[in-house]
Structures are given as structure tokens and as C-alpha cells.
1. Being touching a residue at least 60 places away in the same chain (Cβ under 8 Å), of a type outside the set (A, V, I, L, M) and in a loop (DSSP other than H, G, I, E, B) is the filter here, so list the residues in segment 175-197 that pass it.
2. Is it true that Glu284 is touching a Gly at 6+ places or on another chain (Cβ under 8 Å), closer than 30 Å to Arg636 by Cα, surrounded by 13 or more Cβ atoms within 10 Å (Cβ to Cβ) and acidic (Asp, Glu)?
3. Need pairs with beta-carbon distance below 7 Å; first residue at positive phi and within segment 263-279, second surrounded by 14 or more Cβ atoms within 10 Å (Cβ to Cβ) and not in a helix (DSSP H, G or I); sequence gap 6+ or separate chains.
4. Look through Phe200, Phe222 and report the one residue that is out of contact with any Pro (no Cβ under 9 Å at 6 or more places or on another chain), among the aromatic types (Phe, Trp, Tyr) and at pLDDT 85 or above.
5. With the checklist (1) within 30 Å of Asp220 (Cβ to Cβ); (2) part of a helix (DSSP H, G or I); (3) not β-branched (Val, Ile, Thr) in hand, flag the one item Ser202 doesn't pass.
6. May I ask you to list the residues in segment 578-623 that are among the polar types (S, T, N, Q) and crowded, with 19+ Cβ neighbours inside 10 Å?
7. Could you run through segment 608-657 and say how many residues are aliphatic (A, V, I, L, M) and modelled with pLDDT of 80 or more?
8. Looking for something of a type outside the set (S, T, N, Q), touching a Leu at 6+ places or on another chain (Cβ under 7 Å) and under 29 Å from Thr180 (Cβ atoms) - is there at least one such residue anywhere in segment 206-223?
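The values are calculated or read from the model by the stated rules, or taken from the named source; none is laboratory data. These numbers were taken from a predicted model, which means no experiment stands behind them. Virtual Cβ from ideal backbone geometry, glycine too; neighbours counted across all protein chains shown.
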Amino acid sequence: MGFQFNHVGGGTKTRRPITLHMIYNASCVEPECSLVTDDQGDVEVTLEELQEYIEAENQRLEQEHNQFWAKEIVVKMEYKYCPNLTIIDTPGLISAAPSSRKPTSASLSHAAKQVESMVRAKMEQPEYIILCLEDASDWTNATTRKLVMQVDPNLERTVIVSTKFDTRIPQFARGADVTTYLNPSKRLLEGRMLGGNPFFTSVPSGRVGNTRDAIFRSNDQFRNSVLEQEEKDVAEVERRMSRKLEPTERRRLGVSQLRRFLEHLLQRRYLENVPTIVPVLEKEYRNASERLVTVASELGNLQPDKLKEKGRKFREAFLEKLAQLMRGTVQAPPDRFGETLADEHIRGGAFVAPDGKPLTVTDNLPNSHMRLFGGAQYHRAMAEFRMAIGEMTCPDISREEIVNACGVEDVHDGVNYTRTACVIAVTKAKEAFEPFLHQLGYRMAHVMRRMYPVAMHLMQKDSNFLTGHDLFLKRLGAAFHAFIDEIETDARNKCLEDLVSVTRYVSWSLHTKSRAGLKSMLGRVVGTDGKEVAPSANAEKTAMTMMDVLENTLWSRRLGPMSEEVVAALVCQIFEGIRDHIVTTSELKFNCFFLMPVLDNFPARLREELESAYDEDLDSVFDVASVRAALESKQRSTDAELKQVERLQRKFATIHSTLSHPVKATAEGAEADNRGVLGESAANEKAGRDPRARASQKASQFDQGSEMHGSTNNALRHSGARPPLGASVASMR
């Protein structure tokens, strides 16, 4: 960065990730810093204030139980010594004792897991370059690299850096040892690592400042010390190897070489991504131009006659989509608009029996697990009603209900079990079936209402939609929903009338669905001796049976097995007759008075309502003032977006042209460049003569100064391209 930034000192200091958005700016003689906050946005701070804030955060977290926090400290930095990089500085990995029961060891182990989890989360971002900082004199000791290789096994997006190189050199007794360390074999290091071989850096220890313990009085002194240390390392290595370093070896030794490698790497990646970004910008330019033309056309169509005609076209298209949905279509995605039977039960209600339990027919009902809409969903709902209600059996009849239903006749005190059975049957049927008719109406209304958003989606898909005319769309939806409520009430009332008629008066020809079955059931009545009596034996036995029947069913009010079975048989026959009649007539009623009116009557009703509204008050249908204001606002924003895309296209063309055709630097600039980009003279030469630096500055201006709105921003973000020279580097220690 050109100055000492991190909180330096012994032990673990960095306790929150620090995201540094660095921007090269040749005019910034002093670093310009801003801290990105949640509540105030970018807050300008001095370098000292920023460093104090970071140190205070580290000290605060050190005193807390968790000690580390994954939330990043986001910093923006402009400086003439900054490269165009985004670096995420993560906390250093902690080595805990493998086995110890001391509280301090447990705490250290917890902290180590915290840091490892935090660092892994950063490294798992596939677009990040991992800067793996190893503090080891032997490549077989790979504490940090082992964790990195769990995420990046081949080190294909990892740069390996051996730190504190100045302390390693004295450990080598022979030149061969230095050569082996500088060029490790593929057995020790993955040959496909980013850069091919590791880098080696030395940074002088000590703080910058005016305090007593500070070693460097200024950042200039610190930068010069970094350069001097690099030159010392090169000289010492060459002395021990008794030869000059090869160019490939020299390019990997020193902070300046690492920085140059990263800049060139990100420049290359930027150039690789330009071909994917430019077509996106072209597409966005075309889309914005088309939207601008559409908005201008809509503004011109806000005349009363044109609005009416547009409303009529939209109305007819909507009616056509409704009919299409009823007939069946695959244009709407089922995963978005379809409902399984379980979803339908949740939103539209299930058929619930009098005992409060839903009637389950999922296993036998076709297509119950499929996501349906429109006519297919209507047919499935009706099939469920037919199956669930059609299989209902008569509820249990208690002996007390039979006795209470007998009563006393006005002519004799005998018992009329036929009347008793009729009273019980019609009461049970009315109580059982009336709730189902209400549930059927609610379910069918739910299915029909769901077609409105599906129809709107189909119209949007066909580019036949009234954008901005929310008042008209609300009126259209209100008319549709009101009509559904009206015809649902009408169909349900007709079904309830049928239920009343079939439970008000029992007609044996209608209520007994099988006389043969009833005759067979009544023939197996139980006599007084508890034995079954066959319907035909001989005359004497038949007379005896009739006497038993009269004695048990007419003259006696003692409810015996024979009387109970006779009543139960009659009640079941009447109940099943009413059930079958209700299921059949309800399906017919809803098909004729609910389904067909949507197709036959609703179009005429909607046309009449809208035409009447046109004549009464057009503003009540189209809120012209608000629509005009919204369109004008959209026109301004679209025009601004179009100009923004044009500016981006020009910027990309300029940057790409500059980076693709670099001019050779002068001899003086090249010599300064070899001394390292951290040196002030080298920086001045590069800023003044090297076109890559100028392009880098333009790239940084693009990176910070260009913001796209709406779909343009999303398109760039989803294209996978990174900002020029602004890719992120996750630093691991």
C-alpha cells in the first residue's frame, strides 16, 4: 500500500477481516481513506483515525468471549503508491495444543476453529485469488498450505509467499540449499500453483510514528527500508549461491515483484473478461433503447380515444387467456403457478367431515401430486368431491336416536319404524352434506381466482401488458373476482336447494338406490329367538315370522335386534340415495352455473362494465395523471441508464485499447521499474511514462466512478466479470 497499515505487534492482532479497496491515484500525495459503515455509508477518516479504529476493534474483541468477528471492516483507499487491488486481510491461523485440559488451551482451540472457519468462508469464493503466507524454512512444514489445499487442492488460484525471508537466508549453509529452497520440487509443492513457484518477501519490523518505540519516523523511510531490504536479500542470496539470480528467480524475490505479479495477473484476467462484458453492454444498450422508444410511445398513447382502444384490446386478450386456461395450456410454468392437491388443501380448504377430520382420497385420486392450474385443477377438485363424498357411509345410529324418533301418532300408539327411519336419514344427510356444499363452493372459487395471475403472466409473456396502468388492472381484477363470488353463491344456493328438496320429502323411488339390496337386507331380520329367519319356508313358518315381525315392530316399543336392524337398513338406504343424488346434482350445478358462466357470461359482463366506466369517468379507469408522471420518470431514468451504458462502452474501449497495446517504457523508467514499484522514483516514472499505470488509473476511476442502474448492474454482476484490475485477493497467514 506504500505505507504501514496493519496493527503490528506480537501475538494475534487482526481479529476481524479487513477489506481494502485500493485505488491508484497519482494526484493523491497523501492517502485518502474512507471507512464504509452500515448507517452512515462512506465516512472520510484520516489514516491515523483509521488505524486507531482498527486497533480499538482488535482490542475490544480480544477482551470478549468470542475474540473474533466475521463481519468485515471495509476500507477504501486512494494513494499514488496504491495498486488497483482489493485485498481481504484475514486473521492469522492459530496453532493450538493438540491435547490439553487447561482452560487456556480450550479457549485457544476454540479461537483456532473460529479463525479457520472464517478464513475458509473467504477462500471458498471461486473468484478470489488466495495469497497464502507461509512462515517456514522447510516446505514440508505446510501449516497454512494444508488448509488452503482443502479448498484449492491444486493451488490453481493460490499464490504461495514465504515471509520473513531475511531470517531464512542465514540458515542456509550451502548455495545448493538456497537453490533448493527457491525452486522447490513438485514433490514438495504442487506444480500447477498460480505463478508456478513461490514468492519470497521481507518486511522490516518496527512501527512507523513519532513515539519512543517507533523505528521509522515516516512512511517514506519505511518504503525505502522495504526496498533496501529487498536489495540486501538479493545480494545475500547471490553471494551464497556464488552466481547472479536468473530472471525467473529474481522475479519472485521481494515485495515489489509480488505486487507486480498480482497487478499483471489481474490485468490479464481483466482482458480475458472484456469479451464477455462487451456483449452484455451491447445487449443492455439495445434493451435500454427499446424501452426508451416504448415509453415514448406510451406517453403518446395517453389520449382518451387511444386509452379506450388500448383497454379494449387488453380486455379481449385477457378473456382469450382465461378461455385458454380452461381449455388447457402449457405456456405457464407449473412450478410457479401450479398447485398440488396438498397445496390446494392449504390455500383453498379440504373437505372436512363432521368429526373435524379431512376426507383423504390422495392415494386413489389421479394427478394428486401434480402441480395443476386452470381447467385441469378444476377437474381434479371436482373429482375429489365426487370421490370423497361419494364414498361416505351413513353415520352410526344410536338406540336413543331411534327411540326419540319414534314419537306418538295421532291415530294410534303403535310404532311407525318407516317414518322413524326417514326422520333419522334426512336429518343425518342434511347435517353431513350441507357443510360439504359450502366447502365445494369455496374450493371452486379458489381454483377459479387463481387463473387471474396466470392470465396476467401469459399476457406479459406475449408482451401484451398495460404497464403502469395499475388502476385499470385493479378494476379488471375486481370485476373478475366479484363475478366469481356471484356465480359461486348462485351455484352453491342451487345445490342447497336440491339438498332441501331431497331431505324435505322422501320418495322411495328416488331415495332407495337398490330395491333388491333393501329387500335382501330386510329379509335377514333377526327373530325373537335370536336366529335368522329365511324369507321362504312353509306357510306355517311364514305366518309365525309375520307375527314376530308385527310383535317386534308395531306393537312393542321395546327396541329389539329386529327393530334396530330394520331401522338401520332403511336409514342407510335413504342416506345413500340422498348422497348419490347430491353428488350428481352438485357436479351438474357447478358445471352449468359456475364453470360455464365464466366462459359464456363473463365476457359480456366485463365489456359492459368497462364501457359504462368509460362513459362515466375515464379517470376512474385510467389514472392518467399518475400514469403520465410515472412514464416521464421512467423515461428520465431509462435515458440516464442509456447514457450510462454509453459511457461504460467508451470507458471499456479506452481501457481495453490502452491495456492491449502497451508502449515500451523508456530506459530510465525501466531501470526505476526494476528497483521496485514501491520506490517513489519508480512510481513517478510509471505514473508519468508507463501507459499501464495510466490505464490502471483509468481502471480505478471506472471501478469507483461508474455505477449502473437496474438491469445493467445486474447483467454485469451476473456476467461473472470482475472490475478492471479490481479482483479480490484473500490474504492468508
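1. Result: Asn183, Gly195.
2. Taking the combined requirement at face value, the residue does not satisfy it.
3. Every condition considered, no pair remains.
4. Selected residue: Phe200, the only one of Phe200, Phe222 that is out of contact with any Pro (no Cβ under 9 Å at 6 or more places or on another chain), among the aromatic types (Phe, Trp, Tyr) and at pLDDT 85 or above.
5. Ser202 satisfies every listed condition except (2).
6. Selection gives Ser586 alone.
7. 6
8. Scanning segment 206-223, I find no residue that is of a type outside the set (S, T, N, Q), touching a Leu at 6+ places or on another chain (Cβ under 7 Å) and under 29 Å from Thr180 (Cβ atoms), so the answer is no.
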